[in-house]
Protein chains: 2
Amino acid sequence: MRIFEEIKKIQDWCKEQKMLGKKIGLVPTMGYLHEGHLALVREARKHCDIVVVSIFVNPIQFGVGEDFEVYPRDFARDTELLEQEKVDAVFAPSNEEMYCRDSSTRVEVTGEIAEKLCGASRPGHFRGVTTVCSKLFNICLPDLAVFGQKDAQQVMVLEKMVRELNFPLEIIRVPIVREADGLAMSSRNVYLDPEARKQAIVLNKALGETAEAIQSGERDTARLKSRLREIIESSPRAEIDYAEIYDAYDLADVSEVDKQVIVALAVKFGRTRLIDNRLVEV
Amino acid sequence: MRIFEEIKKIQDWCKEQKMLGKKIGLVPTMGYLHEGHLALVREARKHCDIVVVSIFVNPIQFGVGEDFEVYPRDFARDTELLEQEKVDAVFAPSNEEMYCRDSSTRVEVTGEIAEKLCGASRPGHFRGVTTVCSKLFNICLPDLAVFGQKDAQQVMVLEKMVRELNFPLEIIRVPIVREADGLAMSSRNVYLDPEARKQAIVLNKALGETAEAIQSGERDTARLKSRLREIIESSPRAEIDYAEIYDAYDLADVSEVDKQVIVALAVKFGRTRLIDNRLVEV
């Protein structure tokens, strides 16, 4: 497995691979890998000759007061896991390599899709995500990029960006990977103390009950959301950032569930903010 | 010469060319081609196996009240000229093909380089340029893109964008092509009435005298600019939009000319706004 730290070196290597007719799959990550990430890697492997994983905790997608500095990192363990998955190349640049001192180019998707949910709670977050992914796409030249459904709004925003800027690649979504008790895997789960960890399963429980209610015929999103909030609030440590039901394609408001919707949650347990979601089709 | 109107078709064709090992050169234009454009095409031809010229009057780089609707167009003549140059492919999409109804992804370079000069006179202009060029780069997959030094700030902004988003291509600048009397070639020159056309040579004259003054030892930009304005204002129909001297790399202010500077002009003759510039090295 090759490890690249320099943009020019991996970009040249990827160009060579493409000249050899290889299909490249990219899995962008912020490291501290778990089974969720490995599911992305395995999905990339299914479709591609060359699998590239980037590990980069992207400073510009964190807001002031967010957890950029303390975001968990373990490069040695990450590379060991990726070696086991027979990944071809890891791209792990420094901040200085990715953003020169006077860097001021940004890629931004505007509109509801990027401004609701995490876009409202974390101003500038998606601009950071779309900018870094544009760079990663240009550097690694993937035919295919794989993202987790866990960060549902992120993948929606990136799909829109890829479509509208005509990036020559396909985005693949991989379903959420969960712990045995249903908690969505996340690098941030390590922040949870034992009691918060126990209570955190309420997110998945609330999503499951909402999906069931819809399947049982409830269509009124106001009633569904009010029940969704009640379930979460039954956990004493849970503090809702958002609990919403929107159109699954563009996050438009829906008053009646009459097409695919996304039930999306962001819930804080102390300083740890968890997100989870479920797509529901009627 | 192939003519493409659909993004997917030319993108697939360019992918094929690259798989065949061909080097692609892209010349983005808004059509109504003149010798300046043809110089770009010839420069692309020098370096590349495949030359693609895009013809697209990009609506999002025009402001309200600007000349988008009346911008001169002559597709038949353009393709005839490009055929003579042995161009391999023309990409001429419709507005609807380039921008879907709910399109909201934008690429933007911020800072002095994009906010001074035309950035100040034409808010949003460079965001339109960087967005459309990002799309054209992703669609045509060039190894090399050729731009004219006539639109000096545009090429500076695009070079910064390519650097900071890591587009896998090189930008080449081609010197300004001028009419026999020194007027920089521009599709907008057709707007000029005979008297304005005659007076418009004052731009090149003013640039030349400023360059000479610098070469003769004048280093004070305030004095240089004041003389620059005087020369232009000697033309009764000329109305200065800007007449500035900045650092040629990033448009930073310079009080003393002690490195390469750009002398940049935008001057209106009635409703026709002309730009011109000269790089001066000390």
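Figures for the structure shown
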read-out	value
Identity of the residue in the stretch A:109-118, on the phi < 0 side of the Ramachandran plot and crowded, with 21+ Cβ neighbours inside 10 Å, that ends up farthest from the other protein chains (Cβ to nearest Cβ)	A:CYS118
Complete set of residues in the stretch B:129-180 that are assigned to a strand (DSSP E or B) and more than 21 Å from A:VAL107 (Cα to Cα)	B:LEU144, B:VAL146, B:PHE147, B:GLY148, B:ILE172, B:ARG173, B:VAL174, B:ARG178
Filter result (in a strand (DSSP E or B) and within 14 Å of another protein chain (Cβ to nearest Cβ)) within the stretch B:240-249	B:ASP247
Selected residue (only one of A:LYS46, A:LYS9, A:LYS15 is surrounded by fewer than 19 Cβ atoms within 10 Å (Cβ to Cβ), within 11 Å of chain B (Cβ to nearest Cβ) and out of contact with any His (no Cβ under 7 Å at 6 or more places or on another chain))	A:LYS15
Residue in the stretch A:208-226 that is among the basic types (Lys, Arg), part of a helix (DSSP H, G or I), outside the structural domain of A:CYS118 (by TED's automatic domain parsing) and surrounded by 15 or more Cβ atoms within 10 Å (Cβ to Cβ) present	yes
Qualifying residue in the stretch B:189-202 (condition: of a type outside the set (Val, Ile, Thr) and either within 21 Å of B:ARG42 (Cα to Cα) or in contact with a helix residue (DSSP H, G or I) (Cβ under 6 Å, 6 or more places away or on another chain) (or both))	no
Residue in the stretch A:183-196 that is assigned to a loop (DSSP other than H, G, I, E, B) and either within 13 Å of chain B (Cβ to nearest Cβ) or within 15 Å of the chain's Cα centre (by Cα) (or both) present	yes
Residue in the stretch A:69-81 that is over 16 Å from A:PHE137 (Cβ atoms), in contact with a Lys or Arg (Cβ under 7 Å, 6 or more places away or on another chain), buried (at least 17 other Cβ atoms within 10 Å of the Cβ) and aromatic (Phe, Trp, Tyr) present	no
Residue count for the stretch B:18-31, restricted to those that are within 14 Å of chain A (Cβ to nearest Cβ), closer than 12 Å to B:ALA89 by Cβ and in contact with a Lys or Arg (Cβ under 9 Å, 6 or more places away or on another chain)	1
Some residue of the stretch A:250-258 being of a type in the set (Asp, Glu) and either within 14 Å of chain B (Cβ to nearest Cβ) or at positive phi (or both)	yes
Some residue of the stretch A:146-166 being without any contact (Cβ under 8 Å) to a residue 24 or more places away in the chain, within 14 Å of chain B (Cβ to nearest Cβ) and over 26 Å from A:ALA120 (Cα atoms)	yes
Flag for B:HIS34 being under 30 Å from A:ILE24 (Cα atoms), surrounded by fewer than 21 Cβ atoms within 10 Å (Cβ to Cβ), at pLDDT 95 or above and more than 14 Å from chain A (Cβ to nearest Cβ)	no
Selected residue (only one of B:ASP12, B:ASP49 is at pLDDT 95 or above, out of contact with any helix residue (DSSP H, G or I) (no Cβ under 9 Å at 6 or more places or on another chain) and not small (Gly, Ala, Ser))	B:ASP12
Residue selected from the stretch B:264-282 under the condition part of a strand (DSSP E or B) and aliphatic (A, V, I, L, M), by the criterion surrounded by the most Cβ atoms within 10 Å (Cβ to Cβ)	B:LEU265
Boolean, A:ILE176 is under 18 Å from the mean Cα position of the chain (by Cα), more than 14 Å from chain B (Cβ to nearest Cβ) and buried (at least 18 other Cβ atoms within 10 Å of the Cβ)	yes
Candidates B:GLU43, B:GLU69, B:GLU5, filtered to the one that is under 22 Å from B:CYS118 (Cβ atoms) and of a type in the set (D, E, K, R)	B:GLU69
Residue in the stretch A:57-106 that is nearest to B:VAL162 (Cα to Cα), counting only those that are part of a strand (DSSP E or B) and within 14 Å of chain B (Cβ to nearest Cβ)	A:THR105
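The values are calculated or read from the model by the stated rules, or taken from the named source; none is laboratory data. All figures in this text were calculated on a predicted structure; none of them were measured in a lab. Every residue, glycine as well, gets a Cβ built from its backbone with ideal geometry; the counts of neighbours run over all protein chains shown.
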